[in-house]
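Below is one structure; the comments refer to it alone.
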Amino acid sequence: MRQQSNASLPAGESLLDTAAEIAELRADTPGCESVIHFNNAGCGLVARPVLAAMTDHLRLEADIGGYEASAAREVQVRDFYASIADLLGTAPGNIAFAGSATHAYTKALSAIDFRAGDVILTTRNDFISNQIAFLALRKRFGVEIVHAPDHPDGSGVDVDAMAALMRSRHPRLVAATHVPTNSGLVQPVAEIGRHCRELGLLYLVDACQSVGQYPIDVDEIGCDLLTATCRKFLRGPRGSGFLYVSDRVLREGYEPLFIDMYGARWVEPETYRPVDSAARFEEWEFPYATLLGCAAAVRYALRVGLEPISRRTPALAARLRDRLADIAGIRLLDRGPAPAALVTFEVEGRQPQPFKTALDERGINSALSFREFAQYDFGDKNVDWCLRLSPHYYNTEDEVDTVAAAVAELTEQGRRNR
């Protein structure tokens, strides 16, 4: 197993109990010196061990050659699969590396033999690329896309209504996004999974915004397939993600549409055989430095502790919402009883890019979301754009207050200039 290269992390249940411990984690994060990073839902700031794992491998490739470097790091490469397995509560053979969460998602979709009339049952709060993929499947194969209604209380999808649709429509696939990119809503994916298990339905979960922010257990969720990226709350490098594939999916012979020499064996001139593990969803070529950076990022998150992360990160977001709620001209958009650390809000009378640029100039990183990212959700909320702020455990309460004060100042400037 790969050893942590960061001696500053003490052993223990939590590294988030004291200001001194948070200060150590911030010192381990070079970006904290230059920006207030509230765009962790886009990309988290990488920690020094992640950077070291990647640069060390690139140097090794330069010194001895790419093939030779990956062979020399075989043990560390295997730890990518072991680390993700530890993160999700599964086995290494159920994990496949991918170039992104969307890459993993489309690989999973390509393994399903969709036919005209098949139903994909999903929700109204899904990731844009997933919805576009469903529409592409409808365009090419004639599948039907059914969106379960939201619960009137704003807690997310109406699980009872979704279960009724499972029974009446017999979907070929049930798909849900745990935390959509356009808001802090946390969908009840485990409740959906219980109904899928009861009915034997194939279940795909997008955990892109929840992995690294909350503890994730694929058995508890009950999913057959789960996708995520490493660049967001896991604080890994860009161009990386992974796919969890259940034993059931492997046993029943699902394989991606285009499988290559890494995922299959060419056993006879007219015959190939998929490998037994989730590696059937991978390609032969890997960005090994990126993969090793991902393994370091996952080990780092596990060392910090997902339970304390899942308490601190949403708490920082809740503090931010409280501060923003007092600002005239701000409308908070997040729904649900316990929102995640994605804080979204509309700014009355302001244009999106100038507002974000003004935050950039203050050294505050943020992100914009537009109606095209979330046609159903933003249509329901009657907004064309919003600003998204997403703190993480290494951010501080003082930074929250600084960001809220900057938003208040810019909003007031806009009101005076109208």
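For segment 247-263, 3J(HN,Hα) computed residue by residue from phi via the Karplus equation (6.51, -1.76, 1.60; θ = phi - 60°) reads 4, 4, 5, 5, 5, 8, x, 5, 8, x, 4, 10, 10, 10, 5, 7, x Hz, glycine and proline entered as x. Amide H contacts of Q209 (H built 1.01 Å from N, in plane; Pro and chain starts excluded): V179 sit under 5 Å, all sequence-distant by 5 or more or on other chains. A 1.4 Å probe run over the protein chains yields, for the chain, 42 Å² of accessible area per residue, whole-number rounding. Expressed as a whole percent, the accessible surface of the chain that belongs to carbon and sulfur atoms is 51, based on a 1.4 Å probe.
How high is the FRET efficiency from R251 to F370, r the C-beta distance, R0 41 Å, rounded to 0.05?
Step by step, r from the Cβ atoms, then E = 0.45.
Report the net charge of residues surrounding L250, where surrounding means a beta-carbon distance below 12 angstrom and charges are Lys +1, Arg +1, Asp -1, Glu -1.
Values: positive: R248, R251, R280; negative: D224, D247, E252, E255, D276.
Summing Lys/Arg as +1 and Asp/Glu as -1 gives -2.
FRET efficiency for the pair E285 and I64, taken as 1/(1 + (r/R0)^6) with r the Cβ-Cβ distance and R0 = 22 Å, rounds to 0.75.
Phi-derived couplings, Karplus 6.51 cos²θ - 1.76 cosθ + 1.60 at θ = phi - 60°, listed residue by residue for segment 280-290: 4, 8, 9, 10, 5, 7, 10, x, 5, 5, 5 Hz, with x used for Gly and Pro.
Need one number: % antiparallel among DSSP beta bridges in the chain, to the nearest 5.
Details: 24 of 41 bridges.
Just about 60 percent of them are antiparallel.
Look at the Cα gyration tensor of the chain: its axes a ≥ b ≥ c give a/c of at least 1.5 with a/b at or below b/c, and that counts as oblate. Annotated for the chain: lysine pairs at least 8 residues apart or interchain, Cα distance under 22 Å, count 4.
Based on DSSP H runs of at least 4 residues, each adding -39500 (n - 2.57), what is the mean residue ellipticity at 222 nm of the chain after dividing by all its residues, to the nearest 500 deg cm²/dmol?
The per-residue figure over the chain is -13000 deg cm²/dmol.
Segment 306-417 has equivalent-ellipsoid semi-axes of 22, 18, 12 Å, by the square roots of 5 times the alpha carbon gyration tensor eigenvalues, sorted largest first.
Each residue, A405 and R331, gets one label point 7 Å from its Cα in the Cβ direction; the gap between the two is 2.9 nm.
Proximity of backbone amide H atoms, modeled 1.01 Å from N, is registered between D158 and D150, H151 at under 5 Å, excluding neighbours fewer than 5 places apart on the same chain.
The values are calculated or read from the model by the stated rules, or taken from the named source; none is laboratory data. Here the structure is a predicted model, which means the values were calculated and not measured. With ideal geometry, Cβ positions are generated from the backbone for all residues, glycine too; neighbour counts draw on all protein chains shown. For accessibility, only protein heavy atoms count, side chains too; no ligands or nucleic acids. Shrake-Rupley method; radii C 1.70, N 1.55, O 1.52, S 1.80 Å.
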